[in-house]
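A short worksheet on the structure shown next.
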């Protein structure tokens, strides 16, 4: 008898046995961002699991393989691990196996990968589905053709799922989403994600100028997951401790205060339009981008910047209200 609840974070198919799960269908991928292309793969997983009377399981990796293999060119992850797992399960997987990715793991041959991760367990793998161009094992020698051959030998069902493409023919991918966000194409990123884009981090202390001189205290966010959009002012919604607040967000270098503080790296400042009951310092929060308001620019004085911020906040309230209507 299968249990109703399986913890999302497990590191081996064998762990499913203690929850009464004897057979599985498995979708394999990195799943960074859990975008619409991943949703398509997970939908195929559901269909396969139903046809095989098997339990639908997603298999993924942490850390991101590229961060281990190419540390100098590691991608900025779009989601924290817990949110990634939540979205994978929301899209149809009933459990997620997260394999620790190391250089030793990357050196496994495709045969050893299958034996160690899929078939060397007491849980039967009845089916496997992957993206059509997914590669695995040492030097990426494992691919769709390899899995088709192994499926015929071992008697499991295999399906290579075509990549999801946009109207312009380009593939929906985590890389494409990062590029869209970095270029400020928020609506394009939202279409590929299937939900509004958000990033995640911890609130840290800043220069405390916004509260003292601009009458708009801000939370300075140390970005941990996500990609910075272009410099500018944005309408946003901030989630902290399970509560959501409308917010004005500035991604910038504070050019008005450059003479005072010198050049600074781009940073995220969030002004919650409804003041929170508790201090945000040290809090882990997420921020959803609603819309772009204006470019960041240098003002001749803090007083002029303060006047502009008042106008920005009015526009931001309207933008959030319009978004919530739709």
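The values are calculated or read from the model by the stated rules, or taken from the named source; none is laboratory data. No experiment lies behind these values; they were computed from the predicted model shown. We place every Cβ from the backbone using ideal geometry, glycine too, and count neighbours over all the protein chains shown.
List of remarks:
- Looking across the range 305-326, the residues that are more than 26 Å from the chain's Cα centre (by Cα) and modelled with pLDDT of 90 or more come down to 307, 308, 309, 310, 311, 312, 313, 314, 315, 317, 318.
- Flag for residue 305 being surrounded by 14 or more Cβ atoms within 10 Å (Cβ to Cβ), touching a residue at least 40 places away in the same chain (Cβ under 8 Å), touching a helix residue (DSSP H, G or I) at 6+ places or on another chain (Cβ under 6 Å) and in a strand (DSSP E or B): no
- Residues in the range 5-12 include none that are without any contact (Cβ under 8 Å) to a residue 24 or more places away in the chain and not in a loop (DSSP other than H, G, I, E, B).
- Qualifying residue in the range 196-210 (condition: at pLDDT below 95, in a helix (DSSP H, G or I) and farther than 19 Å from residue 79 by Cα): yes
- All positions within the range 90-103 that are surrounded by fewer than 18 Cβ atoms within 10 Å (Cβ to Cβ) and either more than 26 Å from the chain's Cα centre (by Cα) or not in a strand (DSSP E or B) (or both): 90, 102, 103
- For the range 59-76, filtering for residues that are in a helix (DSSP H, G or I) and touching a residue at least 12 places away in the same chain (Cβ under 8 Å) leaves 3.
- Given (1) under 18 Å from the mean Cα position of the chain (by Cα); (2) within 24 Å of residue 147 (Cα to Cα); (3) not in a loop (DSSP other than H, G, I, E, B), index of the condition residue 32 fails: (3)
- Positions within the range 42-56 being buried (at least 16 other Cβ atoms within 10 Å of the Cβ) and on the phi > 0 side of the Ramachandran plot, in sequence order: none
- When residue 160 is tested against (1) closer than 24 Å to residue 252 by Cβ; (2) in a strand (DSSP E or B), exactly one condition is not met: (1).
- There is no residue in the range 25-41 that is out of contact with any helix residue (DSSP H, G or I) (no Cβ under 6 Å at 6 or more places or on another chain), more than 22 Å from residue 83 (Cβ to Cβ), at pLDDT 95 or above and surrounded by fewer than 23 Cβ atoms within 10 Å (Cβ to Cβ).
- Residues satisfying the stated conditions in the range 246-265, i.e. farther than 13 Å from residue 198 by Cβ and surrounded by 15 or more Cβ atoms within 10 Å (Cβ to Cβ): 246, 248, 250, 251, 252, 253, 254, 255, 256, 257
- The range 249-279 - residue that is part of a loop (DSSP other than H, G, I, E, B) and modelled with pLDDT of 90 or more and, of those, farthest from residue 303 (Cα to Cα): 274
- Failed item, numbered, when residue 79 is tested on (1) at pLDDT below 95; (2) over 18 Å from residue 24 (Cβ atoms); (3) part of a loop (DSSP other than H, G, I, E, B): (1)
- Filter result for residue 77 (outside the structural domain of residue 223 (by TED's automatic domain parsing) and either touching a helix residue (DSSP H, G or I) at 6+ places or on another chain (Cβ under 6 Å) or under 22 Å from residue 197 (Cβ atoms) (or both)): yes
- One residue from 186, 214 being within 15 Å of residue 289 (Cβ to Cβ) and at pLDDT below 95: 186
- Selection from the range 161-183 of residues that are farther than 26 Å from residue 102 by Cβ, in contact (Cβ under 8 Å) with a residue 24 or more places away in the chain and surrounded by fewer than 18 Cβ atoms within 10 Å (Cβ to Cβ): 162, 163, 164, 166, 171, 182, 183
- Any chance residue 77 is surrounded by 15 or more Cβ atoms within 10 Å (Cβ to Cβ) and under 20 Å from residue 173 (Cα atoms): yes
- Across the range 104-118, the number of residues qualifying as within 29 Å of the chain's Cα centre (by Cα), in a helix (DSSP H, G or I) and surrounded by fewer than 19 Cβ atoms within 10 Å (Cβ to Cβ) comes to 4.
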